[in-house]
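Novice: Questions regarding the structure given below will be posed in turn.
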Amino acid sequence: MKLDNFPQVRLSNKISCSIIGGGMAGLVAGNVLQQYGFDVTVLDKGRGIGGRMATRRISHADHGDGIFDYGVQYITAQSEEFKKWLDEWIEIGLVEKWDCASRSAADLESQKYRGVQSIRSIAKHLASNLNVHTGKRIVAISWREASWKIFADDGASYNSNLLILTPPLPQTIQLLKDSKIPISEISLERLRRITYRMCLTVLAIASGPLRIQQSGSCHVNGDQLEWIACNRLKGISPDCYAVTLQANAKFSEQHYAPAKRESAAQALIHAAKQYLGNSSILEYQVHVWRYSTPINYFDGTFFSPQPCSSDSAAVGPLYIAGDAFSTGYEKISSLENAFLSGFEVAMDICQKQKVS
Ligand SMILES: Cc1cc2nc3c(=O)[nH]c(=O)nc-3n(C[C@H](O)[C@H](O)[C@H](O)COP(=O)(O)OP(=O)(O)OC[C@H]3O[C@@H](n4cnc5c(N)ncnc54)[C@H](O)[C@@H]3O)c2cc1C
């Protein structure tokens, strides 16, 4: 995305920025910063990029490859900035309109979009010009000699002048705690107040077509099942009836424990019976999203936590961003919120670092 409506920033020298988390927030921040001349490195623990913009392939001997969007189901856009990026993605054939069901009353009137290939293809596009390292679970960070040192669980380490953290907030807090970063108790307490819904998801291969509206999706609103989507009708799984079943938050909380997952998956498949028509489920996998969407929001588009007063030099430039930060829009979708948080934190850094 070419950023043409922002005052040009001239950096006094090359400033490096590490971004932990390659979901929407981290990738957008990375793109903006790189465009303004920062030396950006994105680190993610996942095998692939995208975070909750997640797509998985499951192969079946007789039915070919099932392709599942199993995190974000659809995109909506309210803000002018996100609309601009979305328009560009539409123009290059990355995204298209999808007249699917609405997951919430807030989305009823909104135009919905999908990734043409998959939702993860948007993340891959955003990552294509960035220095991205996947499979790097960051286990410790420290600020030493005017530089952030970042340590991954495989022994790799990275240095940078600035650091942005974009994991869901409980994971960010854990990393700060494990690293003994001296953040003030007030800052930590503000972060701790943010909670997320859980979402137990079943990725199932069906033997044939579903009895579901043409768009391939349905907001079920049952006591167990909340959402069902046929990825073949959606257009991303050309050979195989790949079905995404998502449970509601209450059922997910009650059944996420490994010992309960199998029976929970069976219950969700049973709850989807009327949509399966004459088809049966041939094979499935279960995924638990511990943090799917925020329940409440942090007041502010991003956050620079305060160090403990006694130790103010012990923390370098540190920013926290992601979908749980309030961007000032009412009823905005989570993915757009993540986008705006990543965009705003990068713009703020650009403004602070510019020469004149
Ligand atoms: C089941 C489900 C359905 C959803 N449906 C929709 C929808 O239809 N529409 C919508 O708008 N939103 C939806 N959302 C919400 C949307 O996916 C999120 O709001 C958005 O993707 C969050 O982006 P993010 O960058 O803030 O976080 P994430 O995408 O979670 O990115 C954070 C990244 O940090 C990485 N990470 C975490 N800890 C570490 C570590 N220690 N070291 C390295 N990397 C780490 C993770 O691997 C992850 O990639 C859904 C989410 C789920 C789970």
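The values are calculated or read from the model by the stated rules, or taken from the named source; none is laboratory data. No experiment lies behind these values; they were computed from the predicted model shown. Every residue, glycine among them, receives a Cβ derived from its backbone with ideal geometry; neighbour counts consider all protein chains shown. Areas reflect the complete protein model, heavy atoms only, side chains present, ligands, DNA and RNA absent. Shrake-Rupley method; radii C 1.70, N 1.55, O 1.52, S 1.80 Å.
Novice: Name the strands (runs of 3 or more DSSP E) wholly within the stretch 132-243 that hold at least 2 residues that are hydroxyl-bearing (Ser, Thr, Tyr) and either exposed (fewer than 15 other Cβ atoms within 10 Å of the Cβ) or within 15 Å of the ligand (Cβ to nearest atom) (or both)?
Specialist: Result: 157-160.
Novice: Right, next: Could you check the stretch 115-131 and list, in sequence order, the residues that are under 24 Å from ILE67 (Cα atoms) and in a loop (DSSP other than H, G, I, E, B)? Give the derivation first.
Specialist: Residues of the stretch 115-131 that are under 24 Å from ILE67 (Cα atoms), as a first pass: 115-128.
Scanning the stretch 115-131 gives VAL116, GLN117, SER118, ILE119, SER128.
Here is a yes/no grid of residues against (1) at positive phi; (2) within 10 Å of the ligand (Cβ to nearest atom):
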{"position": "SER280", "(1), (2)": "no, no"}
{"position": "THR301", "(1), (2)": "no, no"}
{"position": "PRO305", "(1), (2)": "no, no"}
{"position": "ALA313", "(1), (2)": "no, no"}
{"position": "LYS331", "(1), (2)": "yes, no"}
{"position": "SER334", "(1), (2)": "no, yes"}
{"position": "ALA338", "(1), (2)": "no, yes"}
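Novice: Could you go through the stretch 102-111 and let me know if any residue there is more than 26 Å from GLN35 (Cβ to Cβ) and in contact with a Leu (Cβ under 7 Å, 6 or more places away or on another chain).
Specialist: Checked against the condition, which is being more than 26 Å from GLN35 (Cβ to Cβ) and in contact with a Leu (Cβ under 7 Å, 6 or more places away or on another chain), the stretch 102-111 yields at least one hit.
Novice: Within the stretch 315-329, restricting attention to residues that are away from the ligand (no atom under 14 Å from the Cβ) and open to solvent by 30 Å² or more (accessible area, probe 1.4 Å), which residue is modelled with the lowest pLDDT?
Specialist: Restricting to residues being away from the ligand (no atom under 14 Å from the Cβ) and open to solvent by 30 Å² or more (accessible area, probe 1.4 Å), the top hit is GLY328.
Novice: What single numbered condition from (1) more than 15 Å from the ligand (Cβ to nearest atom); (2) within 24 Å of SER184 (Cβ to Cβ); (3) open to solvent by 30 Å² or more (accessible area, probe 1.4 Å) fails to hold for ALA257?
Specialist: Checking ALA257 against (1) more than 15 Å from the ligand (Cβ to nearest atom); (2) within 24 Å of SER184 (Cβ to Cβ); (3) open to solvent by 30 Å² or more (accessible area, probe 1.4 Å), the one that fails is (2).
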